[in-house]
Structures are given as structure tokens and as C-alpha cells.
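Read through the structure below, which is laid out as C-alpha cells, and then see the notes.
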Amino acid sequence: MGPLIPQEIIDPQWNSVIALLIGMAFGFILESSGFSSSRKLAGVFYGYDFVVLKVFFTAAITAALGLYYFDYAGWIDGDLLYINPTYLTGAIAGGVVMGIGFVLGGFCPGTSTCAAAIGKIDGWVFWGGMLVGVFIFSEFFPLLQEAYTSNALGPIRVYESLGLNASTFIMILIVVALAAFYVASMIQKKIRPKRVEF
Amino acid sequence: MNTRYIILAILLLALGAGTMILPDKAEKEELPAERLLLDITSDTRFKEPIFVAQKIIEKDPVYTLIDVRTSDQYNEFHLPGTINIPLKEFNNPEYQGYLDREVKNNIFISNGSLKADQAWFLCRRKGYENNYVMQGGLNQWVENILRPTPPPATASKAAFEEYNRCKAASLYFGGGSMDISTEVRKEELPVKRKKKERKVAGGC
């Protein structure tokens, strides 16, 4: 049955409308989970708040399990799902830049938009910085293009690159996630024994 | 530790283990012989060339037209909007996505009905739904659409309507001529002549 748009069950013209609705829901959930606070987000680097790690890791394993079972039941055709192509060099460089930006600014792009939307000044400053970054990157793109497109692996999945099958990879991911949650909660208890609300 | 977390962790582990225990996703089962026999004897798989012509003209996205002839034959001539999957490639897994449709339909086209029918048979045996065959193939297409012959004068009205549709399609596909209007059977209405109304003129 699914995915609904590639199967033409929903007209592709609805793409942007659906994207807008999902975006609004995503923003609402981010904001109501407290993800518009840079202190909460940066907490993962300083060890006093691991909610970011927990939320995103849980989302990843829930989605992986959901897609696996839905594909098995024939409700979603896994082959029709869009997979972002991997450019290894660009992904590593981008990951490092984003990590540094995350520690410095206390936001990632999505959460900074959330913070900016509710009028937080640090959110606005982060957004301004992001636009400057986009501008600089675009201007220097001809110079960076070769590095950007090098090591292109195409639309590859992690388990394929590791030579595993999907179910083994999902199981490993769940075990790693649960271990990470446990270790994170231990660290959190040690660094900040009393729960602090921001 | 909070018992809720423990329960959730066990649930996640159980679901993860479930993915490993499940047998590999089974290929579609082959159709039972009785069902296949029933489908072969039924002629619902055939679509008339005029039906195919209409779908091409309307650019109907629900129907995909698949030419099952060799790629040389396809390059020489093919109907507009068709794609080429040669019959010998039908077991190639690369094309399974095209042949095993759930929502859309395929119509197989070959020179006659035979090759397209073989293609349909291969697909049906694998349990693929929504595949059809263009009746009579391209030979019938030329006969019906490109060079339609008028039905005898005593034919039914429906036959004439069908002929006119073929003529119109013929114009679209570049065959035939522009003499549609001459072929339209005129309804033989009784001619009513109006009597000239003579008004009483003054004078005499």
C-alpha cells in the first residue's frame, strides 16, 4: 500500500502541504518536549541531560522496527522509500561542523527554528549564523564541490555497507540504544544528582 | 530503576528479536493450478486495441503499456507511451517491480496475441495481478485503428459507433483519412416539409 505518494494513492501535488503539516507537528512536539532550550540540548555534551540522545535514539529504533514490520506485512514497499544518497567525505565534514555548531550554539537547525519561532533571542542569533553559513557555503561551493561529491556511495543503507541483514542490524541498534540509555542515566546521576528543570 | 523503563526495554528487545525470528519474506506463492486454469479460460485478460488507443490518448496513468517484443523490434516501431520489457527478460528480478503491480495495471503488447499472452501467463503463474493483453497485438492495431474498415450497411448502430471511434483514433495516430463525417450513418428522420404559410395578403 505505502508509501502513499510514490504509489500514487495521494497525488504528488499534496507533497508540500503534507510536508508543512508534518513540519508543524514536528515543531510542536520539539517545543513541547523542551527542545527549544539550548541548555537542555547542550546538556548531552556536558553530561547533565541526555534527553536528546534518548529521544532521537528511541525515534530511530521505533522507526526501524515499524518500517521492518510494515514492510513484512506488505503495508509499505521498502524498495520505494527514498534514501538520501551518501557522500562519505561530505557527511563526515558536515557532521564535524554540525557537532561543533551544536556545542557552541546549543541548537541543531530544527530546534533553532523552534526556538526562533517562540521568540528566543539565542534562537534568532543561531538562525542568523546559519544563514551566514549557508551563504558562505553557497559562494564557495565551486571550490568545495569536488570534496563534497567525493566518495559517493549512492543510496546505501548502513546494514548493507556492513554486510549485515536488516533484522540483525535492528537488533544490534536496540541493544546499543538500551546500553547507551543505561550509561547515560548513570552519568547523569553522577554529574547532576538532583533533577534540574530549565 | 523505574519499572516502566524495564518493561519498555524488554518490549524493544522482544520486537527486535521478533525481526530475527521471522522467516525471510516469502516470495509470492505460485497460483494454484485450478485458479490458473480458470483464469486462462476466461477472456477478461484481453483488452481491445480501441481501449488501448483511448488510454494512450487520455494519457491514463493507471495503465502502463508494456511492449514484450525484442528491443530491435521495439526500436523499429512501437506505440507511443509504451515501455519495452522483452519476454525473455520477464524472470529478471530487475523488472519485477513493473510486472507486479497492486494499484496500477499493465497491458502487454506484442505483434499478435501469442507473445503477450505468454507474458501474461508467466506473470499470472507468479500470482501477479492487474496484467492484461492487447487482443490481436499490433496486427490487430493496424487493422482496427490505423486502417479501420467500415461495417456493412446493415450493421448495428453500436458497430458504427465503434467504427467512428476507431476512425477518430486513427486520425490521432496518423493513419486513415479525414473522411469521418462521410462515414457517419445519418439517422433517417422523416423529412418534414413545412408548408409555406400563406398569409392572406390584402388586395385581391
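Values in this text are rule-based calculations from the coordinates and carry no lab data. Owing to the predicted nature of the structure, the values given are computational and were not obtained by experimental measurement. Every residue, glycine as well, gets a Cβ built from its backbone with ideal geometry; the counts of neighbours run over all protein chains shown.
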At 7 Å along Cα-to-Cβ for each site, give me the label-to-label distance between residue A:149 and residue B:4 in nm. 5.0
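Over region B:1-146, what relative contact order in percent results from Cα pairs under 8 Å that are six or more residues apart?
Worked out over region B:1-146, it gives 27 percent.
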Just from its helices, what would the mean residue ellipticity at 222 nm be for chain A, if runs of 4 or more DSSP H residues each count -39500 (n - 2.57) and the sum is divided by every residue, rounded to the nearest 500 deg cm²/dmol? -22500 deg cm²/dmol
Expressed in nm to one decimal, what extension gain is obtained for the pair residue B:73 and residue B:58 from 0.36 nm per residue of sequence separation less their Cα-Cα distance? 2.9 nm
Kirkwood Rh and Cα-based Rg: tell me the resulting Rg over Rh for region A:1-89, rounded to two decimals. 1.06
Pull out a ≥ b ≥ c, the square roots of the eigenvalues of the alpha-carbon gyration tensor of region A:111-198, then state rounded if a/c is under 1.5, prolate if not and a/b is larger than b/c, and oblate in the remaining case. oblate
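Would you please give the FRET efficiency between residue B:95 and residue A:22, computed as 1/(1 + (r/R0)^6) with r the Cβ-Cβ distance and R0 = 45 Å, to the nearest 0.05?
Working: r = 33 Å, r/R0 = 0.74.
Result of the calculation: an efficiency of 0.85.
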Check each of the chymotrypsin sites (Phe, Trp or Tyr not before Pro) in region A:1-98 and keep only those in coil by DSSP with at most 15 other C-beta atoms within 10 angstrom; list them in order. A:75, A:82
Ranked list, fewest to most other Cβ atoms within 10 Å of each Cβ, for A:149, B:64, B:154: B:154, A:149, B:64
Work out the FRET efficiency for residue A:157 and residue B:88 from their Cβ-Cβ distance, taking R0 = 30 Å, and round it to the nearest 0.05. 0.45
Under DSSP H, which helices of chain A have Cα atoms covering 20 Å or more of the helix axis and a Kyte-Doolittle average no less than 0.5? A:15-32, A:51-73, A:88-105, A:121-139, A:166-191
Where a ≥ b ≥ c are root eigenvalues of the Cα gyration tensor, a/c under 1.5 meaning rounded, otherwise prolate if a/b exceeds b/c and oblate otherwise, region A:12-191 counts as rounded
For a label point 7 Å along the Cα-to-beta-carbon line of residue B:30, residues of region B:121-141 with backbone N under 15 Å: B:121-128
Dipole of region A:1-92, Cα-centred, from +1 at each Lys and Arg C-beta and -1 at each Asp and Glu C-beta, to the nearest 20 debye? 540
Calculated SAXS-style log₁₀ I(q)/I(0) at q = 0.17, 0.27, 0.30 Å⁻¹ - region B:90-130, Debye, Cα scatterers: -0.42, -1.00, -1.15
Give me B:43, A:122 sorted ascending by neighbouring Cβ count inside 10 Å, so fewest comes first. B:43, A:122
Within 10 Å of each Cβ in A:163-170, how many Cβ atoms from other chains are there, averaged over the peptide? 3
Over 29 Å between Cα atoms: which of A:120/A:190; A:54/A:120; B:88/B:167; B:59/B:115; B:104/B:126 fall into that group? A:120/A:190; B:88/B:167
Taking 2.2 N^0.38 Å as the expected size of a compact globular protein, what ratio does the Cα radius of gyration of the protein assembly as shown give against it, to two decimals? 1.54
Chain A: relative contact order in percent, alpha carbon pairs under 8 Å with at least 6 residues between: 30
Starting from the Kirkwood Rh over alpha-carbon pairs, what translational D in µm² s⁻¹ does region B:33-142 have by Stokes-Einstein at 20 °C and 1.002 mPa s? 155
